[in-house]
Amino acid sequence: MAKKPARKAARAAAPKAPSRKAAGRNPAMMGTTRAKSAKGSQAAFFGAPHGTPYRTIDNRPHAASADAVREALKGDALWIDHWDFDFGSRLLPDEGFSAVDLGNLPTRPKDGRGNRRKIEATTRAILDAGAVPIMIGGDDSTPIPFLAGFAGGPPITIVQIDAHIDWREEREGEPMGFSSTMRRASEMSHVWRIVQAGARGIGSARQGEVDAAIGWGARIVPGTAFHRDGVDSVLRHIEPESTCVISLDLDVLDSSVMPAVAYPSPGGMSFLQLTGLIAGIAEKARIGGFAMVEFVAKKDLHGTAALTAGRVAMHVLHHIARQSRT
Ligand SMILES: [Mn+2]
């Protein structure tokens, strides 16, 4: 067992270090420094532990997601200047790019309205600072205010990568919950197109929801089509040079690689398929925002799922860094 550091001695040796409370219990996200605003940076992470709850579904299991990802990447972060073989380069460039971690929003499990206000305001503030917002939820209701925060900017294409299409008008009388994410997004005037990749199995959608999505013009590429036709089955729906906001529900990954979600199911994407899709989007268009949701830390087996989720986020950060230099 490792010897515990002598806390009093450490404090005495570094009297000017910020308190543990001020610094946050967890490390900053890999590739970032902690900050209070996104000013002067090109990308900004924040955690959104809770969104809009359903009366009968506990949203608290998602609250630790961002911290679990920060923790899982702690080891890699020490080697951030090493060669990253996924890219054939270093993960991030030497200079000309900086990303910050704004920490976790002070959301509360049952305060849907307040949580939405905080998420939307934070997203907007990051965009106003000229940076790309990166949110780690929370359940899949957290992207609703995240996407709302893009109002007033250029039209966006949402690329929703998810095992479920989330087009319910309401569920349990709640219209802002995680089964209604794309339905609410479709009502936002700045949302120009919705592309939905990876739907599989049975979810909250019935035929009526599928008809509504197709009727609106959502481009739905189910998992079966994605597995058959590859990344191009999705990329063909993305206009060159468009601004894409990626809304990733981690349950799109196969349950064997991502058991740590609320609703794991078989037949999903591999890590390489997902990161290949993200690379394809970054090559053809511009990543204007990224939300990653539905992680459940206590269902993680050995921290491997948190590392998988973290590496997906690092892939996104890599592409954002590249696009901000061109
Ligand atoms: Mn889902």
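No value in this document is a laboratory result; all are computed from the given coordinates. Note that the structure is predicted; figures quoted are calculated from it, not measured. Glycine also receives a Cβ, built like all others from the backbone with ideal geometry; neighbour counts cover every protein chain displayed.
Filtered by the rule that a residue be assigned to a loop (DSSP other than H, G, I, E, B) and either closer than 18 Å to D111 by Cα or within 15 Å of the ligand (Cβ to nearest atom) (or both), the range 145-167 gives D162, A163, H164, I165, D166, W167. Selection of the range 200-238 for residues being part of a loop (DSSP other than H, G, I, E, B), of a type in the set (A, V, I, L, M, F, W, C) and within 16 Å of the ligand (Cβ to nearest atom) yields I202, A205, A218.
Residue count for the range 106-135 satisfying the condition of being crowded, with 21+ Cβ neighbours inside 10 Å and without any contact (Cβ under 8 Å) to a residue 60 or more places away in the chain: 1.
If the condition is being among the basic types (K, R) and buried (at least 23 other Cβ atoms within 10 Å of the Cβ), then the range 149-182 contributes only R168. Only residues that are over 18 Å from A197 (Cα atoms) and without any contact (Cβ under 8 Å) to a residue 40 or more places away in the chain: list them for the range 261-312, please. Passing the criteria: H302, T304.
Where residues in the range 287-314 are touching an Asp or Glu at 6+ places or on another chain (Cβ under 7 Å) and at negative phi, which of them is surrounded by the fewest Cβ atoms within 10 Å (Cβ to Cβ)? Out of the qualifying residues, it is A306. Among what's in the range 86-97 and is out of contact with any Lys or Arg (no Cβ under 7 Å at 6 or more places or on another chain) and closer than 21 Å to A291 by Cβ, pick the residue that is surrounded by the most Cβ atoms within 10 Å (Cβ to Cβ). Filtering first and then ranking leaves L92.
Filtering E170, E187, E241 for residues that are away from the ligand (no atom under 16 Å from the Cβ) and in contact (Cβ under 8 Å) with a residue 24 or more places away in the chain leaves a single hit, E241. Applying the criterion of being in a loop (DSSP other than H, G, I, E, B) and touching a helix residue (DSSP H, G or I) at 6+ places or on another chain (Cβ under 6 Å) to the residues of the range 130-141, the residue that is nearest to the ligand (Cβ to nearest atom) is D140. If you go through the range 255-311 and keep only what is within 16 Å of the ligand (Cβ to nearest atom) and among the small types (G, A, S), you end up with S255, A260, A262, S265, G267, G268, A291, A305, A309. You will find that of S233, S265, S256, S247, the residue that is surrounded by fewer than 21 Cβ atoms within 10 Å (Cβ to Cβ) and either more than 26 Å from D58 (Cβ to Cβ) or touching a Pro at 6+ places or on another chain (Cβ under 7 Å) (or both) is S233 and no other.
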